[in-house]
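One structure is given here, and the rest of the page talks about it.
The values are calculated or read from the model by the stated rules, or taken from the named source; none is laboratory data. These figures come from a predicted structure and were not determined experimentally. No Cβ is skipped: glycine too gets one built from the backbone with ideal geometry, and neighbour counts run over all protein chains shown. For the accessible areas, the whole protein counts, side chains as well, though only heavy atoms, and no ligand, DNA or RNA atoms are used. Shrake-Rupley method; radii C 1.70, N 1.55, O 1.52, S 1.80 Å.
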Amino acid sequence: MWCLSEKESASLSGPQTKSHKPMSLKFVDNTEEIESYYRESCPSTDEYDGNKGGSNGRHTIYHEDLDPSLKQTARYSSMDSHNNMLYAEDPPTCQAPTLPEIQALADHHFPREQLPRIRSLSFLGLSHDSFEQPAPTFSPSTIATPSSINKDKMPSWPIDDRKKAMLIISYLRETATWCETTDSMRQFSLQTTQDLLESQAYSAAAVAMASRQRDNTTGVASLETLELYDFARETICSLESWQNDHMVLAGALQLCVYCMMSMEVNEWRLHLRGCTGTFQEMGWNGSSDGLPAACFWAFARIDIWAAYLTKQPTLIPTDFWISPSYDADESTPLQDRYSNKAIWIFGRIINELSKFGHDQCTSVSAQQPSTDVFSDLWIELDSWKENCPKAVQSLIEIPALGEDAFPLIIFGNTSAICRNIFYHAGSVLLLERDLTKIRMNNDSKYQLSWHAQRIGGISTATENHANLVNNLQPLFLAARYYHEASKKIAVLRHLTQIERSTGWKTGSRSAELRELWGFG
């Protein structure tokens, strides 16, 4: 978030004697890049397991910027049952608008909630890089305040109250829990239910998510689902900058999850950028309280896999994920803290790999002679695992016997499952590229196949839908090291079961594994 320099702040008290260059907003048009991406033969690693949902039909979406005079028209095209994409039509000419919210930067008497929060939501077509420093010559009296809200700007619901109620119930029972794998307080499905009903930005996104999940589980593509998605985006775009709060963030996060179920990774990473701007502008991270922290860790799990698939670093650097005192924060349940710490370490592994573009199963020692940083990460990951509390340790472990494909590994809570999945996935990424210098014995923890089997055993033993949808990418990483026919068949059946029970598309991942294994 930019701010005025001391020289510029001092100039506010004196007359304005010089003209200033107005702030310009640059339209960021990724149309050509995205269309090129789809026309080419994309590598399988750029697809997520849930990218193939959708229905036929086209809809025009109107995106309203901070200034109502700026509008971007885009068309949501459901290409077919295997591919959805969003592309821009006739990119508008964005003139330099006057944003009264910027005035708050020139007057330190305004409270935090009235400071401008220029949202970097990707679907607004704006980039932080496109902002030039404005002249502090505005009148503070024109800044928007809560009393000046124009409620008429909010779009009307496209469905009746009964349908809305049924979809909200479905959201609370099912899709809300997908963001709670390391949130024992259940911020989405329990703590904020009343706030959900009062926030159109959040409820619109929640209803769209529930509708998408309903379509995928029933196998019937609904035009109404696309209308609800358009409605949720339009609702968020209609808000003024100062209205951007934790409920709007929760709504934007749900749209990220929606895109993971129906679009390619490059598409849902655009939505992630919108959440990134809000986290940075509000100062929220994994050490925050309540819903913002729950949103952050759900965001982080999405951001990690988007970064891995696109071979880029996470949108928010891991240095800003948690505070130095996070381990001692007793306001967060112990099992959640330890699980989130595993996600944090895993994110650092992803960021290190992104520095030289990681290819699966390829050693990078030639590109990066020094592996000290990876050795340190291995030691930290292993130490964290050895010193973890009982709350995140397994309850029951039964070795694979006879026709069993995987060992039976049972945990007592969703956080423990998530924590162990990320531990083994991180170990796979380090071991498959020979990035450590410490493999000196035959201990199972130094064997890549052992970690891969543990991931399979943990995932196949759980019936919790939140864990199942969060296990998909780690499961794919592990399945590449399954050589026995029983394991291959078991994981393909498991992926099919996940799709049938949760609605999360797994066909693309199954197809990649079949090709890898030489199945017809």
Run residue 239 past the list (1) outside any helix (DSSP H, G or I); (2) touching a strand residue (DSSP E or B) at 6+ places or on another chain (Cβ under 6 Å); (3) among the aliphatic types (A, V, I, L, M) and report the number of the one that doesn't hold. (2)
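The rows are residues; the columns are (1) modelled with pLDDT under 95; (2) under 20 Å from the mean Cα position of the chain (by Cα); (3) open to solvent by 10 Å² or more (accessible area, probe 1.4 Å).
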{"site": "426", "(1), (2), (3)": "no, yes, no"}
{"site": "434", "(1), (2), (3)": "yes, no, yes"}
{"site": "445", "(1), (2), (3)": "yes, no, yes"}
{"site": "455", "(1), (2), (3)": "no, no, no"}
{"site": "458", "(1), (2), (3)": "no, no, no"}
{"site": "492", "(1), (2), (3)": "no, no, yes"}
Selection from segment 204-248 of residues among the polar types (S, T, N, Q) and under 14 Å from residue 258 (Cβ atoms) yields 211, 213, 216, 222, 225, 235
Is there a residue being surrounded by 16 or more Cβ atoms within 10 Å (Cβ to Cβ), at pLDDT 95 or above and of a type outside the set (Lys, Arg) anywhere in segment 145-157? yes
Just a yes or no: is a residue in segment 477-500 part of a helix (DSSP H, G or I), in contact with a helix residue (DSSP H, G or I) (Cβ under 7 Å, 6 or more places away or on another chain) and within 24 Å of residue 338 (Cβ to Cβ)? yes
Residue 315 closer than 28 Å to residue 477 by Cβ and either part of a loop (DSSP other than H, G, I, E, B) or in contact with a helix residue (DSSP H, G or I) (Cβ under 8 Å, 6 or more places away or on another chain) (or both): yes
Taking the conditions exactly as written (surrounded by 21 or more Cβ atoms within 10 Å (Cβ to Cβ) and among the β-branched types (Val, Ile, Thr)), does residue 193 satisfy them or not? no
Considering each residue of segment 389-407, count those that are under 30 Å from the mean Cα position of the chain (by Cα) and outside any loop (DSSP other than H, G, I, E, B), and give that number. 3
Only one of (1) open to solvent by 10 Å² or more (accessible area, probe 1.4 Å); (2) at positive phi does not apply to residue 397, and that is (2)
Is it fair to say residue 194 is over 14 Å from the mean Cα position of the chain (by Cα), part of a helix (DSSP H, G or I) and free of Cβ contacts under 8 Å to residues at least 40 places away in the same chain? yes
Just to verify a result, which residue in segment 350-385, among those that are within 30 Å of residue 484 (Cα to Cα), modelled with pLDDT of 85 or more and charged (D, E, K, R), is surrounded by the most Cβ atoms within 10 Å (Cβ to Cβ)? 385
For segment 229-242, enumerate the residues that are more than 20 Å from the chain's Cα centre (by Cα) and of a type in the set (A, V, I, L, M). 239
Residues within segment 257-292 that are surrounded by 23 or more Cβ atoms within 10 Å (Cβ to Cβ), part of a loop (DSSP other than H, G, I, E, B) and at pLDDT 85 or above, tallied: 1
Can you name the residue in segment 318-344 that is part of a loop (DSSP other than H, G, I, E, B) and not hydroxyl-bearing (Ser, Thr, Tyr) and is also nearest to residue 273 (Cα to Cα) among such residues? 321
Given (1) open to solvent by 30 Å² or more (accessible area, probe 1.4 Å); (2) without any contact (Cβ under 8 Å) to a residue 12 or more places away in the chain, identify the lone condition not met by residue 315. (2)
In segment 216-230, what residues are open to solvent by 10 Å² or more (accessible area, probe 1.4 Å) and part of a helix (DSSP H, G or I)? 216, 217, 218, 223, 224, 227, 230
